[in-house]
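The values are calculated or read from the model by the stated rules, or taken from the named source; none is laboratory data. Keep in mind the model is a prediction, meaning the values are calculated, not measured. Positions of Cβ are backbone-derived with ideal geometry, glycine not excepted, and every protein chain shown enters the neighbour counts.
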Amino acid sequence: MKWIKDFIDGDHIIGQLLVVSSNKGTTDKGLSYLNVTFQDKSGTIEAKKWDASDDDLRILAPGSVVIVDALVNLYKNQPQLKIVGVSKVERPEEVVMSNFARVSPIPLEELKARLDKYLNSFKDKDVEKVTKAVISHFYERYVTYPGAVKVHHEFGSGILHHSLFMADVADAISKIYTQVDRDILVAGALLHDIGKTIEYENPIAPVQTAEGKLCGHVAIGYAEFKRIVDELDIKSEVPLLLEHMILAHHGTLEFGSPVMPATREALLLSEIDMLDSRQMILDKALDQVKEGEFTQRLWMMDDTSFYKPKKR
């Protein structure tokens, strides 16, 4: 079977896919249907199962690998599956889970090495102590967990991938704007999404935890940071500055920050976060269209369609 990224309109596919989500709906005529999101290591695709039965709902449980018989058609210029039939895998022990795990395109060992380099680059010893303590506490989750369920960096090691790219931008900016506190800004980039280690779980099929849904990663990150760092008994204002950056990194109250950025570094961090997340959203959208075509409208980008220029 083809990988999801290679599905084209008119394909008839039969093979294994991972169920990311499955939600029941009802038509105007009272008939049940299912909205399903499938995944393999190449990407995700939305699907519909019309005239859905209770058996279909049980089989299409999130986190399950199932055998799908479906037709590929276009909906709003994007491939979508019309499910003809679905069944359980007879021998689950033979499922190769690596076929369904979406991970960072950068090898994990390379990401870890880049993280170590940043952790050992701080001149301010308080910044170094705080950053190492917090990341060490969540290390296994921090380097393997996804950065989201859908929007951006929704793959294994997504938190680390996103944080390192932001640290790269932060480091570069500090060389241009020399009034910026480089150590605080880079530390903020590495720590800003630490709450996502609790907000999400399952690197193969990311889902929000109950705590993630009820509290969100900004509040979780602040609480966990403060709990860990208070035990270090640091006398400088480094913990306070980094607490503020975690709370303000979404930039506005409208986007979920409890406070607005009120330091130069917090403002820059929110702008770098927006930059990196939007570039990832664009990468995904542009990968799905041919040169000389427009993407679908992207709600995270002010509902704008983006053009993919022809190679020159």
Quick check on the stretch 168-189: of everything there that is buried (at least 23 other Cβ atoms within 10 Å of the Cβ) and among the hydrophobic types (A, V, I, L, M, F, W, C), which residue is farthest from the chain's Cα centre (by Cα)? I184
Working carefully through the options V20, V84, find the one that is outside the structural domain of I194 (by TED's automatic domain parsing) and in contact with a Pro (Cβ under 7 Å, 6 or more places away or on another chain). V20
Let me spell it out: the conditions are (1) of a type in the set (D, E, K, R); (2) more than 18 Å from the chain's Cα centre (by Cα); (3) surrounded by 13 or more Cβ atoms within 10 Å (Cβ to Cβ), and K284 meets all of them except one. Which number is the exception? (2)
Qualifying position, being touching a residue at least 24 places away in the same chain (Cβ under 8 Å), more than 18 Å from L164 (Cβ to Cβ) and surrounded by fewer than 17 Cβ atoms within 10 Å (Cβ to Cβ), among E231, E201, E237: E201
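Could you list, in sequence order, the residues of the stretch 38-78 that are β-branched (V, I, T), in contact (Cβ under 8 Å) with a residue 40 or more places away in the chain and surrounded by 17 or more Cβ atoms within 10 Å (Cβ to Cβ)?
Residues satisfying the conditions are T44, I45, V65, V66, V68, V72.
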Assess whether F294 counts as being without any contact (Cβ under 8 Å) to a residue 60 or more places away in the chain, surrounded by fewer than 17 Cβ atoms within 10 Å (Cβ to Cβ) and either more than 19 Å from the chain's Cα centre (by Cα) or not assigned by TED's automatic domain parsing to the domain that holds D171 (or both). yes
Residues L81, L115: which one is within 30 Å of I234 (Cβ to Cβ) and either of a type in the set (S, T, N, Q) or buried (at least 19 other Cβ atoms within 10 Å of the Cβ) (or both)? L115
Go through (1) part of a strand (DSSP E or B); (2) among the charged types (D, E, K, R); (3) modelled with pLDDT under 90 and name the single condition D56 misses. (1)
